[in-house]
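Everything on this sheet refers to the single structure shown next.
The values are calculated or read from the model by the stated rules, or taken from the named source; none is laboratory data. Remember, predicted model here, so these are calculated numbers, not experimental data. All Cβ positions, even for glycine, are placed from backbone atoms using ideal geometry, and neighbour counts span all protein chains on display. What goes into the accessible areas is simple: the full protein's heavy atoms, side chains included, and nothing from ligands, DNA or RNA. Shrake-Rupley method; radii C 1.70, N 1.55, O 1.52, S 1.80 Å.
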Amino acid sequence: MLEALTINQGQLEGPSLKSADVLNLEQLADQELTRLFPERNIQKVLFVAPPDGDQTMFDYATGKRGRYWNFPAYGIGVVASHLRQEGIEVDILNLNNHVLRTCRQSVTPESFDFDTVWKESLARKIDLFQPDLIGVTCMFTQTHTASVEVCEEVKYLRPDIPVTLGGVHITNSFNHKEQCKSILNDFAKVDLFFLYEAELAFKNFVQAVNRQKSLDSLFQVYFNTSQTKLHFAEKRVPKDSELDIVPAYDLMELEDLSNNGVIGSFACIKEKKARCATVLSNRGCRAQCTFCSVRSFNGRGVRIKSVQTVVDELLTLRNDFGVDHIMWLDDDLLFNHQRALELFNEMVRQNVGITWDCTNGVIAASCTEEMIAAAAESGCIGLNIGMESGNPEILKIVKKPGKVINFLKAAKTLKKYKQINARVFLMLGFPNETYEMIEDTFNVAMEMDLDWYNLTILQPLPNTPIFNSMVQQGLVEDVKAEDVRYNSGAYGKKRKLMEQNQFSQIVSPFANLENRDKIPSKEELEPIWLYMNYHLNFSRILNVEDPIKIRQQLGYLEYVANLVAPDDPLPMYFCGYLQKKVRGAVDPALFSRLESRLGASEYWQDCFKNFGLSLSELNIGSHLKSA
Ligand code: B12
């Protein structure tokens, strides 16, 4: 795959190479390090997080209203902390936050130019900090192009400064035949790739450059601009106490992030605007769902950070940065029942007093009475259950470690803890999934009766087993990394599709018995999505009576109606309905936005008529006059 001299645990990979080349390889590496770092002295390292998307993907209005994800640069924050322990001076430039901040503060779209903003921020920081080495991170496939542009801009500004690149997208693509070509081609100017969880590999690399470590100790690094490509493929990801480190929060602009974008999807239900951050307590996931690429990045199993380190991290966030809410970054927060209980109980015993959510999802089987009680006590205000399907066959095929009974039991337990806003991830459109199987998902979800269902139509992503098998089955085209656009999320393209299809029937897509064994086409999945989304999420709001739940739903619907989907009449209507229920009045701005949206769309007027919804229900007329 890689035309590179590869060494792994002292063994040369590639049959043709004789042992003499091992020496040669280290000499080659030594020459290369001296070419890149003539002084062989790295004292200052700058880490850069590119904008999540590039200019072609950026929507000014979405940025202006603060809807884009704006996460702390946690990963490079961990790498930075490890370097600090070695006396290396570090800094972090979060260009995603800089772009969003400038967009939020801009007066007109004309006064905001996406590329100019991040390029000027980058030039200013490099000028100010004068780094010996720059490390760029790329987590998402959708961030591919933005990362290419940032790396090229660094080389344009300072061709003398070596550039390194790491992150999930880079690592997963590196291990994929086709994707690897586009990585090597698009990032031709990047000097070094660091693969997998690379905080130890990077620290070791800096020490090797500074002649504090021998060259045969290099690992998880690929020399990309050396004449002879060199790949130190050995993997040594952190485990046990190597995980016990608090990332460089002081470099993550925590005081600013929540003002410019969104961190997780539960802070919106907190009474007052929260200052949010993220914390990672475990690495990896016990599961190996076929639509997920975590296993190929973090490897098999779950590695745990010590409870006290996590509690110290939370206390640092509260005491030093005024954070009052965190989102766990974990893929499997509740892995190891005893450890998770101990964590939540220690958070209570040491009065951490920060609320938290698990936007990423937890495994239903772990949501026992004891666990949810401890979670609630320790500040949990929301979590997602990773369910995806309610059909046992589909669950088996996609290797989801959940059974319908687990989902129903978890729901029963969660309903007892009203303070926890409990949502569920569901997906439609799995290969060979019939109408009947989708109806199972609908029925189980209805029976669970939890607060919200994040319903998405399956978008197989590169570097996942389901993607590879669907390409083989000819169900999807193989795509280049730079062409991947997620369906969901702020950069998603889902929403615009809806109206074009002019479907608004309310009859159940599952009513036609002839269809039961039929696999719905991509087009047929849309009306199913609409029907399920309406009945699982919106129509049930009309029956919510519990004041705690009404407040949570109102908080969430105001977030969806004002930030996530400001042109979608359904969240606007039900947000108005709950505003009236809670505050006796509807926000006139919301009403007029809904009124004009409906006025301009026969499709939505049709939908509302079919769903039996009308503005008069909200009795808005009279309120407006009175307001
Ligand atoms: C938290 C998270 C989110 C958060 C956002 C996180 C963020 N920072 O922006 C939220 C919930 C918003 C999210 C959303 C989505 N996510 Co997500 N997410 C994750 C998750 C669970 C953890 C990422 C994380 O914080 N890791 C912890 C830190 C410590 O790791 P790190 O940043 O990778 O850094 C380490 C290494 O990579 C390396 N490193 C990284 N950069 C660099 C740079 C240098 C120089 C060096 C030396 C080392 C280095 O060292 C660091 C320390 O070990 C990952 C799963 C995973 N295990 O990676 C999925 C994951 C990244 N998400 C994924 C996806 C698909 C999505 C969504 C599209 C899902 C959806 N359909 O909506 C959306 C899109 C979001 C968007 N931007 O539009 C996929 C990405 C696949 C891909 N290749 O694109 C992943 C891998 C999960 C999966 N199911 O496969 N996600």
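Here are some notes:
- Restricting the stretch 438-457 to residues that are open to solvent by 20 Å² or more (accessible area, probe 1.4 Å) and under 18 Å from SER521 (Cβ atoms), the residue that is farthest from the chain's Cα centre (by Cα): GLU439
- Criterion applied to CYS151, CYS138 was being touching a His at 6+ places or on another chain (Cβ under 7 Å) and at pLDDT 95 or above, and the one residue passing it is CYS138.
- Single match in GLN212, GLN179 (criterion: modelled with pLDDT of 95 or more, among the polar types (S, T, N, Q) and either within 18 Å of SER296 (Cα to Cα) or open to solvent by 40 Å² or more (accessible area, probe 1.4 Å) (or both)): GLN212
- Where a residue in the stretch 168-179 is of a type outside the set (Lys, Arg) and near the ligand (Cβ under 8 Å from one of its atoms) and its partner, wherever it lies, is open to solvent by 30 Å² or more (accessible area, probe 1.4 Å) and not in a loop (DSSP other than H, G, I, E, B), with Cβ under 7 Å and at least six apart: ASN172/SER296
- Filtering the stretch 266-302 to residues that are within 11 Å of the ligand (Cβ to nearest atom) and basic (Lys, Arg) leaves ARG283, ARG295.
- Verdict on ASN185 being on the phi < 0 side of the Ramachandran plot and either within 15 Å of the ligand (Cβ to nearest atom) or within 21 Å of the chain's Cα centre (by Cα) (or both): no
- In the stretch 247-304, the residues that are touching a residue at least 40 places away in the same chain (Cβ under 8 Å), more than 28 Å from TYR196 (Cβ to Cβ) and basic (Lys, Arg): LYS270, ARG275
Residue by residue, here is whether (1) of a type in the set (A, V, I, L, M, F, W, C); (2) touching a residue at least 24 places away in the same chain (Cβ under 8 Å) holds:
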| residue | (1), (2) |
| --- | --- |
| VAL398 | yes, yes |
| ALA411 | yes, yes |
| TYR417 | no, yes |
| ILE420 | yes, yes |
| LEU426 | yes, yes |
| PHE442 | yes, yes |
| ASP451 | no, yes |
| ASN468 | no, no |
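- Elements of the type helices (runs of 4 or more DSSP H) sitting completely within the stretch 513-627 and holding at least 1 residues that are open to solvent by less than 40 Å² (accessible area, probe 1.4 Å) and of a type in the set (A, V, I, L, M): these cover 522-533, 547-559, 569-583, 588-599, 620-626.
- Residue within the stretch 195-204 that is assigned by TED's automatic domain parsing to the domain that holds ASN224, under 17 Å from the mean Cα position of the chain (by Cα) and more than 9 Å from the ligand (Cβ to nearest atom) present: no
Results for (1) surrounded by fewer than 21 Cβ atoms within 10 Å (Cβ to Cβ); (2) more than 16 Å from the ligand (Cβ to nearest atom), shown as yes or no for each residue.
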site	(1), (2)
MET57	yes, no
HIS98	no, no
PRO109	yes, yes
ASP115	yes, yes
LEU122	no, no
ASP127	yes, yes
